[in-house]
Amino acid sequence: AEVVLMAIISRVYTRTDLLTLGKVSLNLTGCRSNAEASNVPELLSSVISKICPSVAHLSITVPSLNARPWTPRKDYVYNRLRSGPLQLAASTVLVLDECRLEAGTLTANGVRNVEALKSLSATQEVEYDFEYHQMRVQVDIPLIILSDTKSIVPTDLVVPLRQVRDPIATDVSDEELQVMRKFITSARMMKHFISEETSAEIEAEIVSARKADNALSQTDLHMMLTM
């Protein structure tokens, strides 16, 4: 619950040539979706849709990846931009359901769509296809992927679920929903600062972490700061 909350209130606060800072893409594993298991993806999307302004729920399967481009492309015959499922408004929470993904062969369309999802997760960018050239557009779309095993799309965090009972959606009052919505919006959009005292504590903790594990990368340290 805490990491899901982190994901939906995450926001890109700065970009460099190599890093997109502030984003938190999340993969929840162990979310089986078959006749004998739970409907975690549908329930989680439903819950998030009640407390966030905009949610998109997409199913990742071989047929859905092959069917059409997921990124926008220019149609020169009708002189218009054809939208794709990844053309979303800023702050839209994207919930990807990978539980029904099975072995199969990806077409050129499917491969491009997987690469588009990887780019969205890694850099928060979506590539628009103008046929003769590609244009990368910066976005800010919190990403949550639900899968059985580790997703085909690399994410910042991978959290395994161990289901001990069938999940249910808890009923809450309109007043409670309003409080949740205000909290999430405020937490996501408010400006924040780190005091000198806190900055010193963070620096000491990072130095200690690097001593304990010198394999920690710059990206790992930025993720620690973000969280």
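The values are calculated or read from the model by the stated rules, or taken from the named source; none is laboratory data. Quick caveat, the model's predicted, so the values are computed rather than measured. Cβ atoms come from the backbone with ideal geometry, glycine included; neighbour counts cover every protein chain shown. SASA here: full protein model, heavy atoms, side chains in, ligands and nucleic acids out. Shrake-Rupley method; radii C 1.70, N 1.55, O 1.52, S 1.80 Å.
Let a ≥ b ≥ c be the square roots of the eigenvalues of the Cα gyration tensor of segment 43-151; is it rounded (a/c under 1.5), or, if not, prolate (a/b larger than b/c) or oblate? It is oblate, given that a/c is not under 1.5 and a/b is not larger than b/c. Computed over protein heavy atoms with a 1.4 Å probe, the accessible surface of segment 115-201 works out to 70 Å² per residue. Cut-off 10 angstrom, C-alpha nodes, Gaussian network model of the chain. Which of VAL93, VAL164, VAL126 fluctuates the most? Checking each option, the largest mean-square fluctuation is seen for VAL164.
If you add up the charges near LEU161, with Lys and Arg at +1 and Asp and Glu at -1, over every other residue whose beta carbon is less than 11 angstrom from its beta carbon, what do you get?
My count for the surroundings of LEU161 gives +1.
Its residue count N fixes a reference of 2.2 N^0.38 Å for segment 1-91, and the Cα radius of gyration divided by that reference is 1.36.
In segment 35-170, Cα pairs under 8 Å separated by at least six residues give a relative contact order of 28 percent.
With a cut-off of 8 Å between alpha carbons and a minimum separation of six or more residues, what is the relative contact order of segment 1-89 in percent?
It comes to 13 percent, rounded to a whole number.
The trypsin sites (Lys or Arg not before Pro) of segment 126-207 meeting both criteria, a DSSP state outside H, G, I, E and B (loop) and at most 12 other C-beta atoms within 10 angstrom of the site's C-beta, are ARG162, ARG165, LYS191.
Would you work out the relative contact order for the chain, in percent, from Cα pairs under 8 angstrom that are 6 or more residues apart? Relative contact order comes out at 29 percent. Our note on the geometry: Cα centres of segment 17-90 and segment 119-190, 8 Å apart. Among the GluC sites (Glu not before Pro) within segment 91-198, those in coil by DSSP and having at most 15 neighbouring Cβ atoms inside 10 Å are GLU102, GLU131.
Summing charges over neighbours of ARG73, with a neighbour being any other residue whose Cβ is under 13 Å away from its Cβ, gives +1 when K and R count +1 and D and E count -1. Ligands, DNA and RNA left out, the accessible area of the chain computed with a 1.4 Å probe is 54% carbon and sulfur.
Basic side chains Lys and Arg get +1 at the Cβ, acidic Asp and Glu get -1 at the Cβ, and with that the dipole of the chain about its Cα centre reaches some 640 debye.
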